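Okay, structure first, notes after.
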Amino acid sequence: MINFYLIRHGQKEAIPFDPPLTKIGVKQAEITAELLKDIDFKKIIVSPKLRTKQTAEIIAMPHSLEISTDNRLIERLEWESDKSFDEFISEWNKTDIDRSYQPKMGLSSSSNGEQMRRLLNEFSARYGDGNILMVTHGGTIGDLLRNLFTEDVIEHKIDPITGAPHIQISECSLTVIEEVSDKYSLAKINDNSHLAIT
């Protein structure tokens, strides 16, 4: 059995493109590091964005592993500096409502989830068993979950204004996916109980 520990990055600064963690985000990562310090990971892999790298560096401190980056862990869309936040959210909602919708910049939700699924398959084939830590983004985790599992397995919240479905993945929350004999099961989703003290 192989276990994929999926962590969303900590709280980020509210600025476009590639924001760093806030002080709260750093603290969230430190608490998460304490939670995961005794787990034997075979690999730590992160999105190339600054906020995920900072989160992973903190979580990786108790482990004697190098951090690898993979572009397949990025978000389907990024808030670029030449667009307003409202424009970004409008495009994001379109990709949530229609998972095949191809935005002008970025990936559809379905395509993003599929490249994540292929990444999990690669690690399952390479390692066979053990634990893999992936530090990524909330939307990316949600896209993967929607590709791997049926709607009744994962809880969706519907935005009352846009009608866009949303899977809640909180900052530094833990989602665990288990793989046995090419079959995936969801052990945890959006578990942020370790952050209750923040």
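Taken together, the values in this text are just the output of simple stated rules run on the coordinates, not laboratory data. It should be emphasised that the depicted structure is a prediction, and the values quoted were computed from it without experimental measurement. Neighbour counts are summed over all protein chains in view; Cβ atoms, including those assigned to glycine, are modelled from backbone coordinates with ideal geometry.
Whole-Hz ³J(HN,Hα) for each residue in the stretch 58-72, computed from phi via Karplus 6.51 cos²θ - 1.76 cosθ + 1.60 with θ = phi - 60°, x for glycine and proline: what do you get?
Values per residue, Gly and Pro as x: 5, 5, 7, 3, x, 10, 9, 10, 6, 9, 9, 10, 8, 5, 6 Hz.
Between residue 118 and residue 168, how many nm apart are label points set 7 Å from Cα along the C-beta direction?
3.3 nm
For the stretch 68-108, take every pair of Cα atoms, bin their distances at 5 Å starting from 0, and report each bin as a whole percent.
5, 23, 30, 22, 13, 5, 1
So what is the relative contact order of the chain, in percent, for Cα pairs below 8 Å that sit 6 or more residues apart?
Relative contact order comes out at 31 percent.
Where does the chain land at 222 nm, in deg cm²/dmol rounded to the nearest 500, when only DSSP H runs of n ≥ 4 count, each adding -39500 (n - 2.57), divided by all residues?
Estimated from H runs of four or more residues: -11000 deg cm²/dmol.
For the chain, count the residues as N, evaluate 2.2 N^0.38 Å, and divide the Cα radius of gyration by that value, please.
Values: Rg = 16.1 Å, N = 198, 2.2 N^0.38 = 16.4 Å.
Compactness ratio reported: 0.98.
Please list, in chain and number order, the residues 5+ apart from residue 10 or on another chain whose amide H is under 5 Å from its amide H, with Hs placed from the backbone.
For residue 10, the qualifying residues are 55, 172.
If packing is taken as the average count of other Cβ atoms within 10 Å, what order do 42-49, 68-75 fall into, highest mean first?
In descending order of packing, they fall as 42-49, 68-75.
Please compute the net charge surrounding residue 29, taking Lys and Arg as +1 and Asp and Glu as -1 over other residues with Cβ under 13 Å from its Cβ.
Cβ neighbours under 13 Å give a net charge of +3.
Starting from the amide H of residue 69, placed 1.01 Å from N in the peptide plane, find each other amide H under 5 Å away whose residue is 5 or more places distant or on another chain.
Answer set, sorted by chain and number: 46.
Just give me a number: lysine pairs in the chain, eight or more positions apart or cross-chain, with C-alpha atoms less than 17 Å apart.
Lysine pair count for the chain: 12.
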